[in-house]
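Comments concern the structure below.
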Amino acid sequence: MRLPRLRRHTPPAPFTAPQAPPRPVLLREDALVRQLADGSVEANGWAPCPAEERARLHALHADGSRTCWTCRWTTQGDS
């Protein structure tokens with residue numbers, strides 16, 4: 001009686017840890033002052049950030065849109 005041939009052991013694939021999401025880069029104060037001076041930013045206000053899912057300081061624009069100062073996500077306005 002012939003014995004069945006055994007398959008060789010194949011090692012599992014090496015574990016690679018998932019990459020952490022990039023950390024948000026905070027905008028420097030001089031960039032904020034420059035944008036307020038040239039009119040590209042109307043005002044600042046706290047609003048929920050859809051990207052970070054928490055309240056963050058946003059630049060409020062004349063068209064109703066807002067941009068998160070932390071992650072730079074832009075939310076469309078009402079117009």
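For the chain, state the average projected area of the convex hull of the C-alpha atoms over all orientations, rounded to one decimal in nm². So the mean shadow area of the Cα hull is 10.3 nm². Here the relative contact order of the chain, from alpha carbon pairs under 8 Å that lie six or more residues apart, stands at 20 percent. Taking label points 7 Å from Cα along the Cα-to-Cβ direction, Leu3 and Thr75 give a separation of 6.9 nm. Please determine, in degrees from 0 to 90 and to the nearest 10, the orientation of helix 29-38 with respect to the longest principal axis defined by the Cα atoms of the chain, where the helix direction is its Cα long axis. Orientation of helix 29-38: about 50 degrees from the principal axis.
Taking only the Cα atoms of region 29-75, the ratio Rg/Rh comes out at 0.95, with Rh defined as the Kirkwood radius. In region 29-75, a dipole from Cβ-located charges (positive for Lys and Arg, negative for Asp and Glu) runs towards its positive end, and of Leu60, Pro48, Ala37 it is Pro48 whose Cα lies farthest in that direction. When each of the peptides 1-10, 57-66 is scored by the mean number of other C-beta atoms lying within 10 Å of its residues, the order from highest to lowest reads 57-66, 1-10. For the chain, the 222 nm mean residue ellipticity estimated from helices alone, with every DSSP H stretch of n ≥ 4 adding -39500 (n - 2.57) and the total spread over all residues, rounds to -3500 deg cm²/dmol.
All of the numbers you see were taken from the coordinates with simple rules; none came from a lab. The structure displayed is predicted, hence computed values, not measured ones. FYI the Cβ positions are ideal-geometry reconstructions off the backbone, even for glycines, and counts take in every protein chain you see.
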